[in-house]
Amino acid sequence: HSDVFRFPPHKNLFSALLGVGAQFLLIMVFILTFALIGMYYPGNEGNLQISAIVLYALTAGVSGFTSTYLYKQMGGEYWVWNVILTATIFAVPFFLVAFVLNTIAVSWNVTQALPVGAVLQIITIWLFIGFPLTLIGGMTGKRTSTAFYAPVRTKNFPREIPPIPWYRALPFQMTVAGFLPFSAIYIELFYIFNSVWGRSSYQLWGILCIVFVILILVTACITIALTYFQLSTEDYRWWWQSFLLGGSTGPFIFVYTIFYYAFRSPRIGFLQAAFYFGYMSIICYFFFLMLGTVGFFSSLVFVRLIFGHLHIE
């Protein structure tokens, strides 16, 4: 019991990932809400892309606040570097992928290339809205952060972890944790892929909201169950593992991306493949961070509850 609430290694990276994941969860809630009220209608698909960019900038304060709040709770001192990492941990990979794809499109003289003005507008939105809001959120999280609540006291020195069987090792656990949530959204993924890459219109927003709620609930439940099994083997390293278990649906979506391209999509050629896998890798990274955050916070609530009752008894 004395090691369960021992803070994980790489606290800066860990809190930054959780901060961005919390932001993405809020973005998804907003997007689905806008969809239900009829903002994304056939023939005006650009509204979805515009709203995603604007929401990413406007909700940046959530990531800064969540990340720095947790980082200070875990005893972190370099909160400025934490804010910088939070602001760039998703933005930099996204801009790199977009730059490479835009360069390929320009070299092939195709219409998919974004104009220089549009690229500068997106960078300006992030630089003058997203990053400052992340900094403001980080400053707020630093000032309002309280002591981390742990029902049991953590000893000064960690104890040795006993050997664990192969079926409780991280790779096998991630396979189980990713397969179950993925199976809940598999059918809906087919229609979404057809809409995005097959040039058809997607209007089943109500069903998508239900599927999204199911995805969140299944992710939380399976992560809690696997965290319980991990703790029962006297392995207290559940912090990072709960995040990776929750986010393991992201790699499953990427595997489905490969399957869809190989057997369902008519697209062929280097240019189409570059755009398809480039943007889908970013989307899978998005889901990895969002669902990983769901997995960690659900496990944190569960661990606090069970050890709180043990402490009382």
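Against the chain, whose longest principal axis is taken from its Cα atoms, helix 91-107 shows a tilt of about 20°.
For the range 224-252, the residues whose backbone nitrogen is under 13 Å from a point 7 Å from the Cα of Leu310, taken along Cα to Cβ, are 228-238.
Ranking Cys209, Phe254, Pro266 by Cα position along the charge dipole of the range 196-313, where only Lys, Arg, Asp and Glu carry charges on their C-beta atoms, puts Pro266 farthest toward the positive end. Protein heavy-atom accessible surface, 1.4 Å probe, per residue over the range 112-204: 66 Å².
Here the Gaussian network model covers the chain, with springs between Cα atoms less than 10 Å apart; of Asn109, Asn12, Asn82, Asn109 fluctuates the most.
Placing +1 at every Lys and Arg Cβ and -1 at every Asp and Glu Cβ, with all other atoms neutral, what dipole size does the range 150-277 have around its Cα centre, in debye to the nearest 20?
Roughly 140 debye for the range 150-277.
With point charges of +1 on the Cβ of Lys and Arg and -1 on the Cβ of Asp and Glu, referenced to the Cα centre of the chain, which listed residue (Ala52, Leu305, Pro151) lies farthest in the positive direction of the dipole? Checking the options against the dipole of the chain, the answer is Pro151.
Every helix of 4 or more DSSP H residues in the chain counts as -39500 (n - 2.57), and over all residues that averages to -25000 deg cm²/dmol at 222 nm. Surface composition of the range 218-313: carbon and sulfur atoms hold 74% of the protein heavy-atom accessible area at a 1.4 Å probe.
Output the peptides 233-241, 33-41 sorted from most to least packed, where packing is the average of other Cβ atoms within 10 Å over each peptide's residues. List each step's numbers first, then the result.
Values: 233-241: 18.4, 33-41: 13.7.
Put in order of decreasing packing, that is 233-241, 33-41.
Among Ser183, Ser299, Ser281, the largest mean-square fluctuation in a Gaussian network model of the chain (Cα springs under 10 Å) belongs to Ser183. Computed with a 1.4 Å probe over protein heavy atoms only, the accessible area of Glu188 comes to about 20 Å². Rounding to the nearest 10 and keeping the result within 0 to 90°, find how far the Cα-based axis of helix 205-232 lies from the longest principal axis of the chain. Value to nearest ten degrees: 30.
Packing-based ranking of 117-126, 131-140 yields 131-140, 117-126, ordered from highest to lowest mean Cβ neighbour count within 10 Å.
Against the empirical 2.2 N^0.38 Å scaling, what ratio does the C-alpha Rg of the range 207-305 come to?
Working: Rg = 16.4 Å, N = 99, 2.2 N^0.38 = 12.6 Å.
It is 1.30.
Compute the distance from the alpha-carbon center of the range 71-148 to that of the range 265-299, in whole Å. Taking the Cα centre of the range 265-299 as reference, the centre of the range 71-148 is 17 Å away. In terms of the Cα gyration tensor, with a ≥ b ≥ c the square roots of its eigenvalues, is the range 1-61 rounded because a/c is under 1.5, prolate because a/b exceeds b/c, or oblate? Prolate is the answer for the range 1-61, as a/c is 1.5 or above and a/b outweighs b/c. Using a ≥ b ≥ c from the Cα gyration tensor of the range 138-233 (square roots of the eigenvalues), is it rounded, prolate or oblate, where a/c under 1.5 gives rounded and otherwise the larger of a/b and b/c decides, a/b for prolate? It comes out oblate by the Cα gyration axes.
Can you give the charge dipole size of the chain about its Cα centre, rounded to the nearest 20 debye, using +1 on the beta carbon of Lys and Arg and -1 on the beta carbon of Asp and Glu? Show your work: numbers first, answer last.
Details: 14 positive and 8 negative charges, 62 e Å.
The dipole of the chain has a size of about 300 debye.
The values are calculated or read from the model by the stated rules, or taken from the named source; none is laboratory data. Please read these numbers as outputs of a predicted model, since none were measured by experiment. We place every Cβ from the backbone using ideal geometry, glycine too, and count neighbours over all the protein chains shown. With ligands, DNA and RNA removed, areas are computed over all heavy atoms of the protein, side chains included. Shrake-Rupley method; radii C 1.70, N 1.55, O 1.52, S 1.80 Å.
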